[in-house]
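Asker: Before we start, here is the structure in question, set down as structure tokens.
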Ligand SMILES: O=C(O)CCC(=O)C(=O)O
């Protein structure tokens with residue numbers, strides 16, 4: 001188990017919630033963490049039009065656990081061995097519990113995720129969300145919902161890094177993964193969550 005020395009993490013936001021970044025947290029690869037995943041085929045409805053999600057997704061965890069967001073209802077498929085190993089490592093390091101993980105797979109620069117907060121009721125009022133990334137570096141942006149004097153925060157998340165969102169972050173900030181025109185490879189993002 002890798003121990004997290006203070007010099008290994010940076011607290012990037014500590015204002016209306018917390019955002020912590022751990023570079024080089026995991027030595028796994030995009031290939032190993034996506035092995036055996038059960039990919040979904042979800043659609044999203046926006047302004048009355050239905051589109052396929054602009055990324056691939058999978059939902060694993062305690063088998064049968066349900067979670068809904070943006071009108072998408074998911075039933076968890078059992079942990080794969082590698083996801084279970086990562087969950088156990090995160091639980092030990094962050095001293096919290098996770099019972100599921102949402103995997104977002106960005107095939108190229110046109111795959112993206114729009115502004116949103118992880119504020120579904122079943123995550124509880126102030127969820128701790130551990131977000132592990134593998135593969136291509138993508139820019140994770142955060143915008144304060146109410147205080148327009150705060151600049152958009154831009155964090156390039158590198159392969160093997162961990163972002164932890166906590167405190168009241170989901171009440172005050174929205175986040176996204178922007179599109180890019182650069183010719184880039186895939187990126188897998190794993191957000192470990194506790195569904196109540
Ligand atoms: O891909 C990412 O880093 C962001 C994922 C995300 O925003 C989410 O799962 O809610």
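No lab work stands behind these numbers, since they all come straight from the coordinates. Nothing here was measured: the structure is a model prediction, and the numbers come from that model. Methodologically, a virtual Cβ is constructed for each residue, glycine included, from the backbone with ideal geometry; neighbour enumeration extends over all protein chains shown.
Asker: For residue 149 and residue 50, compute 0.36 nm times the residue count separating them, minus their Cα-Cα distance, and round to one decimal in nm.
Answerer: Stretched out fully, the residue 149 to residue 50 stretch lengthens by 32.2 nm.
Asker: Given springs between every Cα pair under 10 Å in a Gaussian network model of the chain, which of 85, 148, 97 has the largest fluctuation?
Answerer: Answer for the Gaussian network model of the chain: 148.
Asker: Determine the shape class of the range 138-196: with a ≥ b ≥ c the square roots of the Cα gyration tensor eigenvalues, call it rounded for a/c under 1.5, and otherwise prolate if a/b is greater than b/c, oblate otherwise. Intermediate results must be reported in sequence, preceding the final value.
Answerer: Values: a/c = 2.43, a/b = 1.22, b/c = 2.00.
Because a/c hits 1.5 or more and a/b fails to exceed b/c, the range 138-196 counts as oblate.
Asker: Follow-up question, since we're still on this one. With each label point set 7 Å from Cα along the Cα-Cβ vector, what nm distance links residue 27 and residue 66?
Answerer: That separation, rounded to one decimal, is 4.2 nm.
Asker: Divide by every residue of the chain the summed helix terms, -39500 (n - 2.57) for each DSSP H run of at least 4, and state the resulting mean residue ellipticity at 222 nm, rounded to the nearest 500 deg cm²/dmol.
Answerer: One gets -3000 deg cm²/dmol as the mean residue ellipticity at 222 nm.
Asker: Students often check this: by mean Cβ neighbours within 10 Å, which of 126-134, 51-59 ranks highest, and how do the rest follow?
Answerer: Result, highest mean Cβ count within 10 Å first: 126-134, 51-59.
Asker: Fewest to most neighbouring Cβ within 10 Å: what's the order for 68, 161?
Answerer: Exposure proxy ranking, most exposed first: 68, 161.
Asker: Which three extents, in angstrom, do the Cα atoms of the range 1-121 have along their principal axes, listed largest first?
Answerer: 48, 36, 31
Asker: So how far apart, in nm, are the two label points at residue 158 and residue 57 if each is 7 Å from Cα heading toward Cβ?
Answerer: Using points 7 Å along Cα→Cβ, the separation is 3.0 nm.
Asker: Please give the length that would be gained between residue 9 and residue 120 if that part of the chain were fully extended, namely 0.36 nm times their separation in residues minus their C-alpha to C-alpha distance (nm, one decimal).
Answerer: 37.2 nm
Asker: Hey, what's the per residue convex hull volume over the C-alpha atoms of the range 70-136, in cubic angstrom?
Answerer: On the way: hull volume 8.8 nm³, N = 67.
It comes to 132 Å³ per residue, whole-number rounded.
Asker: While we're looking at this one, here's another question. Nearest-5 percent of antiparallel DSSP beta bridges in the range 1-121?
Answerer: Numbers: 20 of 22 bridges.
If I count the DSSP bridges inside the range 1-121, around 90 percent turn out antiparallel.
Asker: Could you tell me which of rounded, prolate or oblate describes the range 98-196, using a ≥ b ≥ c as the square roots of the eigenvalues of the alpha-carbon gyration tensor, with rounded for a/c under 1.5 and, failing that, prolate when a/b is larger than b/c and oblate otherwise?
Answerer: Oblate, because a/c is 1.5 or more while a/b does not exceed b/c.
Asker: Please compute the alpha carbon radius of gyration of the range 28-85, then divide it by the globular-protein estimate 2.2 N^0.38 Å. Two decimals is fine. Don't skip to the answer; put the middle values down first.
Answerer: Numbers: Rg = 13.2 Å, N = 58, 2.2 N^0.38 = 10.3 Å.
Expressed relative to 2.2 N^0.38 Å, the Cα Rg reads 1.29.
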